[in-house]
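Worksheet: the structure to be examined is printed underneath.
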Amino acid sequence: MDAPLTPDPAQGVFETLLVVGGEPVELGAHLDRLRSSLEALFATAPPTGLGEEIRERAQGVRLGRLRVAVAPDGTGTRAVLAVEDVDPGDFFPAWARGAHLRSHVYAGGLGRHKWADRTPLQRIATATALPLLLDRGEEVLEASRANVFVAVGEALVTAADDGRILPGIARAGAIAAAAEAGIEVEERTLALAELLAADEVFLTGSVRGVEPARSLDGTPLPGPGELSRRVAAGLRRRWPAAPAAAAAPAPAAAPSPGRPAR
């Protein structure tokens with residue numbers, strides 16, 4: 001069923017940054033994406049000094065997420081910042097903390113902007129499963145808080161950045177990390193059937209990093225394999241502060257309950 005609502009643009013857009021050891025990770029990339037959205041949607045810019053304010057709020061945070069919501073206020077823009085701790089087990093999580101996905105058709109996707117109004121996603125979210133957004137024709141777009149990658153043989157496939165998905169900061173980092181590791185990445189149409197038949201399925205997000213996907217609509221998915229481990233290691237290296245994060249345990253490979261990893 002199509003999601004019944006669309007985001008309210010007047011509520012603005014937001015970014016969620018990982019904070020490690022008092023440092024906001026990929027701050028420049030997040031500010032660039034925020035600026036691009038504000039210019040495209042409202043012909044305006046982020047508040048002056050927002051980068052410095054983010055750095056100040058990050059001080060003293062060992063491992064956390066910093067949400068920056070920006071909306072037009074009639075004379076410019078206003079920003080609201082909020083910080084909360086992150087459980088170290090959710091940072092590059094192991095298989096046991098991987099995501100269970102539930103598919104939902106959201107025709108056309110949510111697009112390239114990270115809308116502050118999350119009502120459409122809240123309407124389809126559950127306590128136990130993360131929404132996986134599909135376009136009509138069972139074409140995989142993205143999860144509600146992450147981009148999706150699948151391993152097909154020796155290559156990775158992810159949905160193309162064609163205006164229907166959020167161009168994730170961690171997605172870009174994962175693609176770069178894969179290239180550095182000699183792993184081919186295809187950005188193209190990804191069918192639901194192809195995801196279900198994949199050798200590995202993982203998500204990328206700015207707080208969790210690389211996260212295994214454990215099931216889709218109750219169907220078990222394969223456990224982490226060589227490609228996801230290499231991408232995760234490369235993304236950690238690209239996030240300079242990340243290796244020091246709260247002594248989080250390294251992700252462990254595990255077969256899915258119903259199908260061994262191939």
Any chance segment 171-179 includes a residue that's in a loop (DSSP other than H, G, I, E, B) and either modelled with pLDDT of 95 or more or of a type in the set (Val, Ile, Thr) (or both)? no
Meets criteria (touching a residue at least 12 places away in the same chain (Cβ under 8 Å), charged (D, E, K, R) and more than 30 Å from residue 134 (Cα to Cα)) for residue 8: no
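For (1) assigned to a loop (DSSP other than H, G, I, E, B); (2) closer than 30 Å to residue 138 by Cα; (3) touching a Lys or Arg at 6+ places or on another chain (Cβ under 6 Å), each residue gets a yes or a no:
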site	(1), (2), (3)
14	no, yes, yes
18	no, no, no
38	no, no, no
44	yes, no, no
61	yes, no, no
When restricted to 72, 24, 7, 93, the only residue modelled with pLDDT under 95, within 19 Å of the chain's Cα centre (by Cα) and either buried (at least 17 other Cβ atoms within 10 Å of the Cβ) or assigned by TED's automatic domain parsing to the domain that holds residue 223 (or both) is 7
Segment 158-180 - residue that is free of Cβ contacts under 8 Å to residues at least 40 places away in the same chain and among the β-branched types (Val, Ile, Thr) and, of those, nearest to residue 31 (Cα to Cα): 175
Are there any pairs with C-beta distances below 9 angstrom linking a residue in segment 126-140 that is free of Cβ contacts under 8 Å to residues at least 40 places away in the same chain to a residue that is in a loop (DSSP other than H, G, I, E, B) and of a type in the set (Asp, Glu), with the two at least 6 apart or on different chains, and if so which? 129/217
For segment 75-90, give me each residue that is in contact with a Gly (Cβ under 7 Å, 6 or more places away or on another chain) and surrounded by 14 or more Cβ atoms within 10 Å (Cβ to Cβ). 83, 86
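The values are calculated or read from the model by the stated rules, or taken from the named source; none is laboratory data. Model, not experiment: these values are computed from the prediction. Please note: Cβ atoms are built from the backbone with ideal geometry, for glycine as well, and neighbour counts cover all protein chains shown.
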